[in-house]
Amino acid sequence: MINKKYHENIRSEMLQFIPKEHGSRVLDLGCGDGNFQKLLRSEVKYTGVDLINQQNFMHNSKNTYIQGDVIKVMSSLIAENNKYDLIVCNDIIEHLPDTSEFFMLTSQLLRRNGLVVGSVPNVRYVGNLFELIFKRDWRYKKGGGVLDSTHLRFFTEKSLLRIMSKSEFKVIFLKGINGFSDHKSIKRALVYTALRIMDIIFFGKTKDIKFLQLGFCVKR
């Protein structure tokens with residue numbers, strides 16, 4: 001079953017990772033309905049790629065939609081000598097079998113000074129750690145989350161940085177997004193307070209566990 005809300009998500013929290021001057025050609029891998037283009041300048045030439053047929057994709061004279069396997073599509077675009085100023089990969093890398101191959105293909109699709117902006121789930125997120133440590137479980141789930149049943153790869157901030165470094169990408173901006181909040185209940189407020197105390201005790205080495213995802217902006 002397709003999660004319609006997931007594919008319609010505009011991902012406004014990713015706007016902070018996109019520089020104002022992001023170029024005119026944008027490739028969005030795992031684009032869903034293509035709503036992410038609403039965060040970009042209106043004059044960009046936007047190409048969206050997704051495995052699923054996105055019938056609600058916003059078609060116009062500047063937009064192109066390609067349905068297909070992301071890796072195969074990237075290889076075809078390279079063969080056609082396509083280049084992009086900005087490549088977006090929001091929550092797509094964890095669905096791919098070979099992260100190194102993805103970054104290798106991405107580098108070949110970038111124009112000079114091009115940027116890659118994206119996000120991945122954070123396997124050290126406190127909700128996931130709670131199930132692992134206290135429930136002693138690692139259960140895949142349907143419909144999203146760190147342990148979504150379609151995820152093939154898992155990342156921490158450290159492992160993501162290592163992969164990017166090996167792929168010869170320079171990190172411009174990397175931080176946790178969609179953090180654990182304290183405003184929904186007393187229980188969550190207590191957990192949030194405990195997390196902040198842990199940050200102090202462990203000299204900031206646990207601050208990343210408050211975030212469901214990691215957002216980044218990198219360049220060659």
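The values are calculated or read from the model by the stated rules, or taken from the named source; none is laboratory data. Because the structure is a prediction, the values reported are computed rather than measured. Cβ placement follows ideal geometry from the backbone for every residue including glycine, while neighbour counts extend to all protein chains displayed. Just so you know, the surface numbers come from the protein's heavy atoms only, side chains and all, with ligands and any DNA or RNA stripped out. Shrake-Rupley method; radii C 1.70, N 1.55, O 1.52, S 1.80 Å.
Structure summary
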| quantity | calculated |
| --- | --- |
| Selection within the range 45-82 - of a type in the set (S, T, Y) and either part of a loop (DSSP other than H, G, I, E, B) or out of contact with any strand residue (DSSP E or B) (no Cβ under 9 Å at 6 or more places or on another chain) (or both) | S61, S75 |
| Any hit, the range 168-177, residues being outside any strand (DSSP E or B) and touching a helix residue (DSSP H, G or I) at 6+ places or on another chain (Cβ under 6 Å) | no |
| Options D85, D33; residue that is assigned to a strand (DSSP E or B) and within 19 Å of the chain's Cα centre (by Cα) | D85 |
| Top-ranked residue of the range 164-220 - restricted to ones that are of a type in the set (D, E) and within 30 Å of L110 (Cβ to Cβ), ranked as surrounded by the most Cβ atoms within 10 Å (Cβ to Cβ) | D208 |
| Any hit, the range 143-164, residues being farther than 17 Å from V120 by Cα and not aromatic (F, W, Y) | no |
| Residues within the range 119-158 that are under 15 Å from F211 (Cβ atoms), open to solvent by less than 90 Å² (accessible area, probe 1.4 Å) and within 16 Å of the chain's Cα centre (by Cα), tallied | 13 |
| Which numbered condition K142 misses (of (1) at pLDDT 95 or above; (2) more than 28 Å from G114 (Cβ to Cβ)) | (1) |
| Pairs, first free of Cβ contacts under 8 Å to residues at least 40 places away in the same chain in the range 89-101, second hydrophobic (A, V, I, L, M, F, W, C) and open to solvent by 20 Å² or more (accessible area, probe 1.4 Å), C-beta under 7 Å, six or more apart | E101/I71 |
| Some residue of the range 98-109 being within 19 Å of S165 (Cα to Cα), open to solvent by less than 20 Å² (accessible area, probe 1.4 Å) and touching a Lys or Arg at 6+ places or on another chain (Cβ under 8 Å) | yes |
| Some residue of the range 8-23 being at pLDDT 95 or above and more than 20 Å from L160 (Cα to Cα) | no |
| Verdict on S107 being touching a residue at least 24 places away in the same chain (Cβ under 8 Å), among the polar types (S, T, N, Q) and under 23 Å from E21 (Cα atoms) | yes |
| Every pair of residues 6+ apart whose Cβ atoms lie under 8 Å, when the first sits in the range 7-26 and is free of Cβ contacts under 8 Å to residues at least 40 places away in the same chain while the second is assigned to a loop (DSSP other than H, G, I, E, B) and open to solvent by less than 50 Å² (accessible area, probe 1.4 Å) | N9/G32 |
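Residues are listed down the side, and each one gets a yes or a no for (1) closer than 23 Å to F155 by Cα; (2) in contact with a Leu (Cβ under 7 Å, 6 or more places away or on another chain); (3) modelled with pLDDT under 95:
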residue	(1), (2), (3)
I2	no, no, yes
R25	no, no, no
L39	no, yes, yes
F57	no, no, yes
Y84	no, yes, no
C89	yes, yes, no
F103	yes, no, no
L109	no, yes, no
G118	yes, no, no
